[in-house]
Amino acid sequence: GAVVSQHPSWVICKSGTSVKIECRSLDFQATTMFWYRQFPKQSLMLMATSNEGSKATYEQGVEKDKFLINHASLTLSTLTVTSAHPEDSSFYICSASEGLSTEAFFGQGTRLTVV
Amino acid sequence: AQSVTQLGSHVSVSEGALVLLRCNYSSSVPPYLFWYVQYPNQGLQLLLKYTSAATLVKGINGFEAEFKKSETSFHLTKPSAHMSDAAEYFCAVSGEGNDMRFGAGTRLTVKP
């Protein structure tokens with residue numbers, strides 16, 4: 001099956017700094033990528049959808065200036081959490097799909113802790 | 001818009017017993033439906049998916065789900081629970097754009 005790799009798997013950063021999370025499709029062209037966040041013991045909430053070469057579409061309530069998404073190639077999307085605060089601590093998961101495929105494949109997630 | 005509702009945030013069964021995790025969906029277009037399993041601090045693993053082919057879908061690890069349009073349901077079942085099935089299970093729905101909407105999740109506990 002298709003493989004999506006997310007890096008890093010965990011990161012600790014200081015409050016006020018920025019952190020970048022990478023999501024790569026290893027064996028297919030990810031025309032669309034999705035970013036989710038998951039708080040402890042809660043479900044996944046879609047943050048944004050990005051199509052290669054286009055600006056990301058953010059869900060209502062998600063600050064686009066705080067969560068910068070770049071999808072410059074068909075195999076890589078990045079999520080940058082800018083000026084991170086402790087309340088941004090969460091599990092971030094990306095997924096990717098190719099063309100008209102009915103399925104999106106998930107990365108293994110990144111646990112972000114802001115101290 | 002699509003959404004799913006998972007009934008029961010926590011289900012506990014004995015090893016060897018039937019597993020039934022409930023999911024109801026709402027969708028304005030023919031839905032694609034999915035069940036995922038998540039182990040602690042890990043990503044999601046796809047168990048099975050419905051994409052408008054057969055209404056009874058068989059997945060990995062002995063799980064299956066039946067799409068019932070009349071009941072707007074997509075319940076997940078397994079005839080005999082194993083200790084290794086203990087995890088968090090998510091039902092999800094997507095439309096044409098592959099942007100999935102997840103249910104709140106059901107934590108399955110398996111007692112020896």
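Tabulated values for the structure
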{"item": "Residue satisfying all of: in the stretch B:66-86; touching a residue at least 40 places away in the same chain (Cβ under 8 Å) and crowded, with 20+ Cβ neighbours inside 10 Å; farthest from B:S3 (Cα to Cα) among these", "result": "B:A81"}
{"item": "B:T51 at the interface with chain A (Cβ under 8 Å from one of its Cβ atoms) and either of a type in the set (V, I, T) or in contact (Cβ under 8 Å) with a residue 12 or more places away in the chain (or both)", "result": "yes"}
{"item": "Qualifying residue in the stretch A:55-68 (condition: within 14 Å of chain B (Cβ to nearest Cβ), in a strand (DSSP E or B) and surrounded by 20 or more Cβ atoms within 10 Å (Cβ to Cβ))", "result": "no"}
{"item": "Selection from the stretch A:78-115 of residues that are surrounded by 13 or more Cβ atoms within 10 Å (Cβ to Cβ) and more than 14 Å from chain B (Cβ to nearest Cβ)", "result": "A:T78, A:L79, A:T80, A:V81, A:T82, A:A84, A:D88, A:V114"}
{"item": "Those residues of the stretch A:78-103 which are among the small types (G, A, S), more than 17 Å from B:Q42 (Cβ to Cβ) and at pLDDT below 95, in sequence order", "result": "A:A96, A:S97, A:G99, A:S101"}
{"item": "Answer residue from the stretch A:13-41, given it is in a strand (DSSP E or B) and hydrophobic (A, V, I, L, M, F, W, C) and is surrounded by the most Cβ atoms within 10 Å (Cβ to Cβ) among those", "result": "A:M33"}
{"item": "Residue selected from the stretch B:97-111 under the condition surrounded by 20 or more Cβ atoms within 10 Å (Cβ to Cβ) and aliphatic (A, V, I, L, M), by the criterion nearest to the other protein chains (Cβ to nearest Cβ)", "result": "B:M100"}
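The values are calculated or read from the model by the stated rules, or taken from the named source; none is laboratory data. Note that the coordinates shown come from a computational prediction; the quantities given were computed from them, not determined experimentally. Don't worry about glycine lacking a Cβ; one is built from the backbone with ideal geometry, like all the others, and counts go over all protein chains shown.
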